[in-house]
1. May I ask you to list the residues in segment 37-49 that are of a type outside the set (A, V, I, L, M, F, W, C) and surrounded by 14 or more Cβ atoms within 10 Å (Cβ to Cβ)?
2. Scanning segment 61-84 for residues that are among the polar types (S, T, N, Q) and at pLDDT 95 or above, which turns out farthest from the chain's Cα centre (by Cα)?
3. Condition first: out of contact with any Cys (no Cβ under 8 Å at 6 or more places or on another chain), buried (at least 21 other Cβ atoms within 10 Å of the Cβ) and not in a strand (DSSP E or B). Can you find one or more residues in segment 50-58 that meet it?
4. Could you please find all residues in segment 3-36 being closer than 19 Å to Lys155 by Cβ, open to solvent by less than 60 Å² (accessible area, probe 1.4 Å) and either in a loop (DSSP other than H, G, I, E, B) or touching a Cys at 6+ places or on another chain (Cβ under 7 Å) (or both)?
Amino acid sequence: MEKTILIGGKAGQGSAFTANFIGKVFCSLGYYVFNYRDYPSLIRGGHNFNVLRISDKPVYSHKNKYDIILALDQKTVDLHQKNLNKKGFIIGNKSLKTKKLYPIDIESVLNKLKGPRILEADILVGYLFKYFGVDKKILFKATEEKFKKKAGLIKKAIEQGYNLAEKKE
């Protein structure tokens, strides 16, 4: 397997942190991961993105064509969808404007959780890993290791995203 995933959003939405988390989970599953971090915006709200290349063989650089985009905002879609592979798709809020969207009702999930907007990235992570057929127990363990006592709400957000997706791979 080899996949290239772009995670993008406004500065402060957690795209870099999310990419790091996704990469660590894939590494724990025995995959090789290359994480290209675009030079981050220094202004809150500016555009940031990371590109992960995940493979069962060693990887030494990123690719400029993506299989999946995790979009935390419309600007990510507008800037990067032109680089989606033919069968590529975007995971994001149902309000995003693109024909390649796997839509999630983020507001509904956040209201259910009574959680802050920053949990959007965690919802997308849950959806992504269900798509790949990764057991959510693995995600919960990684979340507990990363966030310690603050893991509770994040695990709930991941689980909500996970439950919304269907296994594809």
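The values are calculated or read from the model by the stated rules, or taken from the named source; none is laboratory data. This structure is a prediction, so every number in the text was calculated from the model and none was measured. Here the Cβ is made from the backbone with ideal geometry for all residues, glycine too, and neighbour counts use every protein chain on show. Side chains included, ligands, DNA and RNA excluded: accessible areas come from the protein's heavy atoms. Shrake-Rupley method; radii C 1.70, N 1.55, O 1.52, S 1.80 Å.
1. Across segment 37-49, the qualifying residues are Arg37, Asp38, Pro40, Ser41, His47, Asn48.
2. For segment 61-84, the residue satisfying everything is Asn83.
3. Within segment 50-58 (the criterion being out of contact with any Cys (no Cβ under 8 Å at 6 or more places or on another chain), buried (at least 21 other Cβ atoms within 10 Å of the Cβ) and not in a strand (DSSP E or B)), the answer is no, since none of the residues qualifies.
4. The answer is Gly14, and nothing else.
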